[in-house]
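**Student:** So that we are looking at the same thing, I have put the structure below in structure tokens.
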Amino acid sequence: MRTFGTMEIVFATNNLNKLEEIRRKLGDDVTVRSLSDIGCREELPETHETLEENALEKARYVADKYRVNCFADDTGLEIESLNGRPGVYSARYAGPECRAEDNMARVLEEMKDHTNRSACFRTIIALIMNSNHHLFEGKVNGTILEHKQGEKGFGYDPIFQPEGHAFSFAEMTMDAKNQISHRARAVEKLTAFLKELRVTNDA
């Protein structure tokens, strides 16, 4: 097997924001390819009711069809007052053809009469490597704001304020967000696993 320093892995996404976040976090230790880099243009299946199952389904689909080591993520915004919604449906909460603006608008509308605005972002990364699968979770607690704040980031970032901070994710630079975000925490676990794998293989 190739060493960690020359490893290539496919990230099962064409979301350029996610790709940039992941590449920054992994640095030069691993080359991360997107779906378009390997010629995968079809819609990946997401037919399950949990983040874990959806991430695994996407990673397995790409790994099996394109014969590559692959990881996929699934992320949900889980709001306490909404019984965990939008959760696994976060990306399409306002409908299958919706935009991020539509999703945020629905959440803000549903939250307008709630005083408990506690929420968390949770990311699951599923890695398929040499036919084996591994799961890594990242989570950050926070609060749903009453109005959008900031222009950076993507998804629900403008209405989510992470615990212990005075700004929304959308008011932070990417580097600052990458220090604390749910995806960054999951990637840290993925990175630690890959580094351990390198040590084991080089021993």
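**Student:** Ordered by residue, what ³J(HN,Hα) values in Hz, to whole numbers, does segment 156-169 give under the Karplus form 6.51 cos²θ - 1.76 cosθ + 1.60, where θ = phi - 60° and Gly and Pro are x?
**Tutor:** My calculation for segment 156-169 gives 8, 3, x, 10, 10, 10, x, 4, x, 10, 9, 10, 6, 4 Hz in order.
**Student:** OK, next. Across segment 75-86, in residue order, what do the Karplus-derived ³J(HN,Hα) couplings come to in whole Hz, using 6.51 cos²θ - 1.76 cosθ + 1.60 with θ = phi - 60° and x for Gly and Pro?
**Tutor:** 10, x, 8, 10, 9, 4, 5, 9, 6, x, 6, x
**Student:** Segment 1-157: percent of C-alpha pairs farther apart than 26 Å?
**Tutor:** 31
**Student:** Quote to one decimal, in nm, the extra length available between E163 and R23 on full extension: 0.36 nm per residue of separation minus the C-alpha distance between them.
**Tutor:** 47.9 nm
**Student:** Hey, can you rank 168-176, 95-103, 144-152, 122-130 by average C-beta count inside 10 Å, highest first?
**Tutor:** The peptides rank, most packed first, as 122-130, 168-176, 144-152, 95-103.
**Student:** As I understand it, the value is the acute angle between the Cα axis of helix 182-202 and the longest principal axis of the Cα atoms of the chain; what does it come to in degrees, rounded to 10?
**Tutor:** Value to nearest ten degrees: 10.
**Student:** Further question: Once you keep just the Cα pairs under 8 angstrom separated by 6 or more residues, what percentage relative contact order results for the chain?
**Tutor:** 19
**Student:** Relative contact order of segment 115-203, please, whole-number percent, based on alpha carbon pairs below 8 angstrom and at least 6 residues apart.
**Tutor:** After rounding, I find 27 percent.
**Student:** Further question on the same structure: Could you compute how much accessible surface H165 exposes when probed at 1.4 Å, giving the result in Å² to the nearest 10?
**Tutor:** Roughly 70 Å² of H165 is accessible to a 1.4 Å probe.
**Student:** If ligands, DNA and RNA are left out, what is the accessible area of Y93 with a 1.4 Å probe, given in Å² to the nearest 10?
**Tutor:** 20
**Student:** What is the count of Lys pairs in the chain whose alpha carbons sit under 25 Å apart, if the two are 8 or more places apart or on different chains?
**Tutor:** Final tally of qualifying lysine pairs is 29.
**Student:** Continuing with this model, one more query. Multiplying the sequence separation of N116 and E53 by 0.36 nm and subtracting their Cα-Cα distance, what value in nm do you get?
**Tutor:** Once the chain is fully extended between N116 and E53, it gains 19.8 nm.
**Student:** If you count the DSSP beta bridges with both ends in the chain, what percent of them are antiparallel, to the nearest 5?
**Tutor:** Around 80 percent antiparallel, to the nearest 5.
**Student:** Stretched out fully, how many nm does the piece from R41 to E109 gain, at 0.36 nm a residue minus the Cα gap?
**Tutor:** 21.0 nm is the gain from fully extending R41 to E109.
**Student:** Need one word for segment 66-157: rounded, prolate or oblate. Basis is the Cα gyration tensor (sqrt eigenvalues a ≥ b ≥ c); a/c below 1.5 gives rounded, then a/b vs b/c decides.
**Tutor:** Judged from the Cα gyration tensor, segment 66-157 comes out prolate (a/c at least 1.5, a/b above b/c).
**Student:** Then there is this: Per-residue HN-Hα couplings for segment 39-46, Karplus 6.51 cos²θ - 1.76 cosθ + 1.60 at θ = phi - 60°, whole Hz, x for Gly and Pro?
**Tutor:** Karplus-based 3J(HN,Hα) across segment 39-46 equals x, 8, 10, 7, 6, 7, x, 9 Hz.
**Student:** Please give the per residue accessible area of the chain, computed with a probe of 1.4 Å over protein heavy atoms only, in Å².
**Tutor:** 51
The values are calculated or read from the model by the stated rules, or taken from the named source; none is laboratory data. Here the structure is a predicted model, which is why all the values come from computation and not from measurement. We place every Cβ from the backbone using ideal geometry, glycine too, and count neighbours over all the protein chains shown. Quick note on the areas: whole protein, heavy atoms, side chains included, nothing else; ligands and nucleic acids left out. Shrake-Rupley method; radii C 1.70, N 1.55, O 1.52, S 1.80 Å.
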